[in-house]
Amino acid sequence: MQLGPAQTGPAQPASLADRAPYEVRLRPLEAPDLRRVVELEQVLFGRGAWSYGMLADELGGWGRWYVAAEPVRPDTVGPQDVVGYAGLWFDDEVVQIMTIGVDPAVQHRGVGRALLEALLDRSRAVRAQAVLLEVRVDNEPAIRLYEGYGFTRISVRKKYYQPEGVDAYVMRLELRAADAGPGPVGA
């Protein structure tokens with residue numbers, strides 16, 4: 001699981017206006033978005049970034065569900081450049097969050113939160129019992145976000161993030177049956 005930027009720490013907003021919520025529309029991530037996602041991956045994760053091929057495999061993989069965040073611009077028609085993306089893998093009982101990435105220009109403005117909520121909503125819709133993720137132990141903004149949603153640290157994976165060799169916390173969120181509500185079964 002990734003949430004950027006992991007290596008450089010949180011971006012520092014220049015003004016109060018930069019911290020205002022950034023309005024996005026969530027939609028399915030599609031193949032034409034992958035070039036932009038690769039750009040974001042390289043900025044966010046450096047040498048650990050997923051390649052175009054890895055992303056394409058994920059997008060088409062069994063049990064995968066990916067979402068894109070694009071800006072809401074009333075003066076622009078048609079699809080916009082992706083400013084965030086997230087995905088999960090569901091295999092019967094547990095959802096694994098595979099990635100969350102947000103353009104550094106709009107971080108700390110609610111985009112990551114919106115993506116995480118979409119993943120959690122999907123997890124409930126497929127009636128998952130729990131959600132798992134890995135997060136770099138030095139990614140304090142992401143850890144705070146996840147803990148704010150009730151995720152707890154359950155273990156450490158040594159040298160999980162390569163090539164840097166950085167440890168990862170494994171975090172888990174239990175989903176109650178009452179959270180599931182009506183919805184499709186399966187991924």
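Of the chymotrypsin sites (Phe, Trp or Tyr not before Pro) in segment 53-129, the ones in a loop by DSSP (not H, G, I, E or B) with at most 14 other beta carbons within 10 Å are W62. Quick one: Cα centre-to-centre distance for segment 88-103 and segment 117-173, in angstrom? Cα centroid to Cα centroid, the span is 9 Å.
The loop-placed chymotrypsin sites (Phe, Trp or Tyr not before Pro) in segment 106-172, going by DSSP, that have at most 15 neighbouring Cβ atoms within 10 Å of their Cβ come out as Y149. Here each label is just a point 7 Å from Cα along the line to Cβ, and for D81 and A31 those points are 2.4 nm apart. Beyond 11 Å, the tail of the calculated P(r) for segment 25-67 holds 65 percent of the Cα pairs.
Atom-type composition of the exposed protein surface of segment 119-161 places 48 percent of the accessible area on carbon and sulfur (1.4 angstrom probe).
The values are calculated or read from the model by the stated rules, or taken from the named source; none is laboratory data. Bear in mind the structure is a predicted one, so any value in this text is a computation, not a measurement. Positions of Cβ are generated from backbone atoms using ideal geometry, with glycine treated the same way; all protein chains shown enter the neighbour counts. Accessible surface is based on the protein model in full, side chains and every heavy atom, while ligands, DNA and RNA are left aside. Shrake-Rupley method; radii C 1.70, N 1.55, O 1.52, S 1.80 Å.
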